[in-house]
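Written out below as C-alpha cells is the structure these notes cover.
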Ligand code: GLP
C-alpha cells in the first residue's frame with residue numbers, strides 16, 4: 001500500500017502563481033470533497049511546468065535511486081524531457097523505467113507511417129540516461145506480465161501522466177473502470193483524430209496496449225502535467241472536488257488517490 005516514506009518533496013523550484021501550493025477548492029458543507037490528496041501547482045507557463053516536473057523526477061531518484069518510474073508520450077511532457085536530458089546530476093543507473101502505453105503494430109510491411117512510443121521514449125530521454133528500460137511492445141500477448149513488472153514492490157514510485165481532451169489517461173478511454181487491468185484497447189475515433197494527422201492513412205494503428213487504471217492508481221505518487229487552454233476544461237471537470245469520480249472521465253479517479261501532484265500553466 002501507499003508508503004509515505006517513499007513520497008518525495010514537491011517544493012517548487014519556482015514560485016507558483018498567486019497563492020502558491022494550492023489544494024483544490026474548499027468543499028462546501030453540502031458538497032463532500034472527493035479530492036483526497038491533490039496538490040495543484042498553478043505555474044506561470046509551460047516552461048515552469050517542465051522545470052517543476054524535472055525537479056520532482058530528480059528528487060524521486062535522489063531519494064530512491066532504484067525507483068520505478070512510468071513515462072508518458074505526447075506533446076505536453078516534451079519540455080520536461082528536454083530539461084531531464086540536460087541534467088547530468090541525476091543518477092539513473094538503478095532506476096526501472098516503464099512506458100505508459102504503446103500502439104499495437106498493425107500488420108504492415110516496410111517503414112511504419114507513425115512513430116512508436118518506444119521510439120518516442122528513446123529519442124526524448126531513454127537513450128540519454130541509464131536504468132533498466134521496459135518496452136511494452138514485448139507484452140502485446142501478455143499485458144498482465146507487464147503490469148506485474150510495473151506493480152512489483154507494491155506499485156510504481158512515480159507515474160507521470162498527461163491528459164486527453166476527453167479525460168483519458170494513458171489509453172484508458174472514457175468507460176474505463178478504476179480497477180481496469182493493463183490490456184489491449186481499441187483506439188477511440190477521437191483519439192485517432194488527435195494523434196494522427198490523417199487517420200485514414202493505411203497502416204496506422206487501431207489498437208494500443210495501455211497500463212490500466214488499477215496499476216496507475218497503485219503508484220505511490222502520480223504526477224499529472226497539463227498545459228495550454230485546450231486542457232483547462234477537462235482538468236476542471238476531472239478534479240472538481242464536488243463531484244464523484246466517474247468512468248466517463250477516467251482522470252477523475254485520480255481524486256481518490258492519496259498523493260497526486262497536478263502541474264498546470266493555467
Ligand atoms: C495520448 C497518450 C496520453 C497523453 C495524451 C495527451 O493519446 N496516450 O498518454 O497524455 O495523448 O497528449 P498531449 O500531451 O499531446 O496532449
* **The one condition in (1) more than 16 Å from the chain's Cα centre (by Cα); (2) outside any loop (DSSP other than H, G, I, E, B) that residue 159 fails to fulfil** => (1)
* **The one condition in (1) more than 30 Å from residue 108 (Cβ to Cβ); (2) within 9 Å of the ligand (Cβ to nearest atom) that residue 218 fails to fulfil** => (2)
* Asked: Could you count how many residues in the stretch 97-114 are under 16 Å from residue 171 (Cα atoms) and either at pLDDT below 95 or crowded, with 20+ Cβ neighbours inside 10 Å (or both)?
  -> 7
* Structure fact -> Out of (1) touching a helix residue (DSSP H, G or I) at 6+ places or on another chain (Cβ under 7 Å); (2) assigned to a loop (DSSP other than H, G, I, E, B); (3) under 18 Å from residue 75 (Cβ atoms), the one residue 176 does not meet is (3)
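Yes or no, residue by residue, for (1) modelled with pLDDT under 60; (2) under 28 Å from residue 209 (Cα atoms); (3) surrounded by fewer than 18 Cβ atoms within 10 Å (Cβ to Cβ):
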| position | (1), (2), (3) |
| --- | --- |
| 18 | yes, no, yes |
| 36 | no, no, yes |
| 41 | no, no, no |
| 62 | no, no, yes |
* Looking only at the stretch 246-258, count how many residues are away from the ligand (no atom under 14 Å from the Cβ), closer than 15 Å to residue 179 by Cβ and buried (at least 19 other Cβ atoms within 10 Å of the Cβ). => 3
* Which one of these is away from the ligand (no atom under 11 Å from the Cβ) and either in contact with a strand residue (DSSP E or B) (Cβ under 6 Å, 6 or more places away or on another chain) or over 16 Å from residue 95 (Cα atoms) (or both): 122, 132? -> 132
* Structure fact -> Log entry, pairs with first residue in the stretch 143-155 being over 13 Å from residue 98 (Cβ atoms), second being modelled with pLDDT of 95 or more and in a loop (DSSP other than H, G, I, E, B), beta carbons closer than 7 Å, six or more apart or on different chains, reads 144/181; 144/182
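Each row is one residue, and each column tells you yes or no for (1) farther than 26 Å from residue 52 by Cβ; (2) touching a residue at least 40 places away in the same chain (Cβ under 8 Å); (3) within 15 Å of the ligand (Cβ to nearest atom).
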{"site": "179", "(1), (2), (3)": "yes, no, no"}
{"site": "197", "(1), (2), (3)": "yes, no, yes"}
{"site": "203", "(1), (2), (3)": "yes, yes, no"}
{"site": "225", "(1), (2), (3)": "no, yes, yes"}
{"site": "229", "(1), (2), (3)": "no, no, yes"}
{"site": "244", "(1), (2), (3)": "yes, yes, no"}
* Scan the stretch 91-119 for residues that are within 16 Å of the ligand (Cβ to nearest atom) and over 19 Å from residue 195 (Cα atoms) and jot them down. => 97, 98
* Which residues, counting only those in the stretch 140-172, are touching a helix residue (DSSP H, G or I) at 6+ places or on another chain (Cβ under 6 Å), within 16 Å of the ligand (Cβ to nearest atom) and farther than 19 Å from residue 193 by Cα? -> 146, 150, 156, 158, 159
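The values are calculated or read from the model by the stated rules, or taken from the named source; none is laboratory data. Everything numeric here is computed off the predicted structure, so don't read it as measured data. Positions of Cβ are backbone-derived with ideal geometry, glycine not excepted, and every protein chain shown enters the neighbour counts.
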